[in-house]
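To start, the structure itself, in structure tokens.
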Amino acid sequence: MKEVMQEINKFREDRDWNQYHTPRNLATSIIIEAGELMENFQWQDEPKDMVNVKEEIADVLIYTMMLADDLDLDLETIIREKIAKNALKYPLEK
Ligand SMILES: [Mg+2]
């Protein structure tokens, strides 16, 4: 995960895109890319264009990773914390 993050940061630094990457803009972009992903499922349960599905999933993840990185959040840590919280909220006995 760290190597991919370094690649993403190099890509945006090389293009001087950090100036546009405020937390608000990144959070907005996550929703926009999620909408583009959802287009693949509009009026159909199975997507016809898996190439586009892969690209839009990647877009969502890239923006999410940039937002977390800029907020000094470690993705693996916060994912594990949320899984642990979900396990307490939804125990197997329920
Ligand atoms: Mg996209």
Using a probe radius of 1.4 Å on heavy atoms only, what accessible surface per residue do you get for the chain? Whole Å² is fine.
82 Å²
Restricting to DSSP loop positions (anything but H, G, I, E, B) with no more than 16 other Cβ atoms inside 10 Å of their own Cβ, which chymotrypsin sites (Phe, Trp or Tyr not before Pro) remain in the range 29-94?
PHE41, TRP43
For the pair MET38 and ASN9, the simple spin-label estimate (label points 7 Å beyond Cα toward Cβ) gives in nm 3.2 nm
Can you list residues whose amide H is under 5 Å from ASN40's amide H, if they're 5+ apart or on another chain and H is modeled 1.01 Å from N?
none
Cα lying deepest toward the dipole's positive end in the chain, options MET50, ILE31, LEU88, charges on Cβ
LEU88
Enumerate the whole-percent occupancy of each 10 Å bin, from 0 to the last occupied one, for all C-alpha pair distances of the chain.
14, 35, 31, 18, 2, 0
Largest-first ellipsoid semi-axes for the range 34-80, taking √(5λ) over the Cα gyration tensor eigenvalues, angstrom
27, 10, 8
Can you pull the percent of the chain's accessible area that's carbon plus sulfur, 1.4 Å probe, other chains left in place?
59 percent
Taking Cα pairs closer than 8 Å and at least 6 residues apart, the relative contact order of the chain in percent is 30 percent
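The values are calculated or read from the model by the stated rules, or taken from the named source; none is laboratory data. Here the structure is a predicted model, which means the values were calculated and not measured. A quick note on method: Cβ atoms are made from the backbone with ideal geometry, for glycine too, and the neighbour counts reach across all protein chains shown. Only protein heavy atoms, including side chains, enter the accessible area calculation; ligands, DNA and RNA are left aside. Shrake-Rupley method; radii C 1.70, N 1.55, O 1.52, S 1.80 Å.
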